[in-house]
Each structure stands twice: as structure tokens, then as C-alpha cells.
Amino acid sequence: MTAPEQPLVLLVEDDTAFRRSVTAYLEDSGFAVLEADDGLAALELLDQHSPHIIISDLRMPRMSGLELLEVLQQRPNSAPVIMISGTADKVLLAETTLSGAAAYLTKPIADLATLETMARSLIGELSP
């Protein structure tokens with residue numbers, strides 16, 4: 001009997017401390033995590049890997065989360081995207097949803113278990 005595949009997350013976040021904190025939490029929760037510090041770096045990783053889910057910051061240098069979403073919409077079989085942002089602006093929330101984000105969370109994320117539960121739900125997995 002083979003072990004179940006670890007769910008693979010692509011975390012796209014320009015804040016290094018926040019990215020490392022989320023990565024550590026997700027890895028402790030049974031996920032494998034790829035890290036990118038902006039949308040362009042994420043696209044390079046997506047050329048080599050097929051994550052089960054993408055978690056992306058909204059505002060980043062070089063390529064924003066919204067720009068990344070636009071590119072992902074053109075790709076077949078793109079993973080669901082959870083967009084995270086430091087703003088709770090309802091217009092931005094609507095824009096990310098219309099651009100294809102599966103979910104939206106605002107920073108700071110009080111409990112990373114919320115992010116984990118959302119990720120597992122979107123990839124259809126209830127346990128590691």
C-alpha cells in the first residue's frame with residue numbers, strides 16, 4: 001500500500017516573515033509547500049510543478065496577485081487560488097472573485113487553521 005500524496009501548495013507572498021510562518025504551519029500540517037515572492041516567480045514554478053492549491057498575496061512587486069490570477073485563467077487545469085490581502089476592501093474582494101479566486105482572506109490571519117481548513121476544502125481533502 002502506498003502512502004497518500006502530500007497536497008502541494010504554492011505560496012506566493014512578498015513578505016518573507018509571513019511567508020515563512022505560513023510555510024512552517026502548512027508543512028507541520030502535512031502539506032508540501034513551494035514558495036515564490038511574486039507572481040513572476042510563481043509562474044516559473046508553475047512551469048515545473050502542478051500544485052493542488054495556490055495561496056497568493058494580492059499586492060506584490062513585479063506581478064500582483066490579480067495579474068497572476070489573469071494569467072492562471074488562461075491556463076488549463078489551474079489549481080484553485082486563495083487570495084490573501086491586508087485590506088478588506090469590498091471592491092477588491094469582488095474583483096478577485098470575478099478574476100477567478102476561489103476564496104479571499106484578509107491579513108492578519110488570526111488563526112492559520114482557517115487557511116488550512118479552506119485549503120483542504122478546496123482541494124477536497126479532509127485530512128493529511
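Is it the case, given these coordinates, that Leu122 is touching a Phe, Trp or Tyr at 6+ places or on another chain (Cβ under 6 Å) and modelled with pLDDT of 85 or more? It is false that Leu122 is touching a Phe, Trp or Tyr at 6+ places or on another chain (Cβ under 6 Å) and modelled with pLDDT of 85 or more.
Residues in segment 71-107 that are touching a Gly at 6+ places or on another chain (Cβ under 8 Å) and more than 13 Å from Ile54 (Cβ to Cβ): Ser85, Thr106, Lys107.
Residues that are among the polar types (S, T, N, Q) and at pLDDT below 95 were ranked within segment 1-37; the one that is farthest from Pro51 (Cα to Cα) is Thr2. None of Asp57, Asp47 is farther than 16 Å from Ile123 by Cβ and in contact (Cβ under 8 Å) with a residue 12 or more places away in the chain except Asp57. For Gly30, the conditions (1) within 11 Å of the chain's Cα centre (by Cα); (2) on the phi > 0 side of the Ramachandran plot; (3) among the small types (Gly, Ala, Ser) all hold with the exception of (1).
To keep it simple, each residue is scored yes or no on (1) closer than 16 Å to Ser64 by Cα; (2) in contact with a Leu (Cβ under 8 Å, 6 or more places away or on another chain); (3) not aliphatic (A, V, I, L, M).
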residue: Ala103; (1), (2), (3): no, yes, no
residue: Pro108; (1), (2), (3): no, no, yes
residue: Thr114; (1), (2), (3): no, yes, yes
residue: Ala119; (1), (2), (3): no, yes, no
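Let me spell it out: the conditions are (1) of a type in the set (A, V, I, L, M, F, W, C); (2) surrounded by fewer than 20 Cβ atoms within 10 Å (Cβ to Cβ); (3) touching a Ser or Thr at 6+ places or on another chain (Cβ under 6 Å), and Ile123 meets all of them except one. Which number is the exception? That leaves (3) as the condition not met.
Restricting attention to segment 6-31, the residues being among the basic types (Lys, Arg) and closer than 16 Å to Leu105 by Cα number 1.
Among the hydrophobic types (A, V, I, L, M, F, W, C) and touching a Pro at 6+ places or on another chain (Cβ under 7 Å) - does that describe any residue in segment 62-82? The answer is yes; a qualifying residue exists.
The values are calculated or read from the model by the stated rules, or taken from the named source; none is laboratory data. In this text, all values refer to a predicted model and were calculated from it rather than measured experimentally. All Cβ positions, glycine included, derive from the backbone under ideal geometry; neighbour counts span all protein chains shown.
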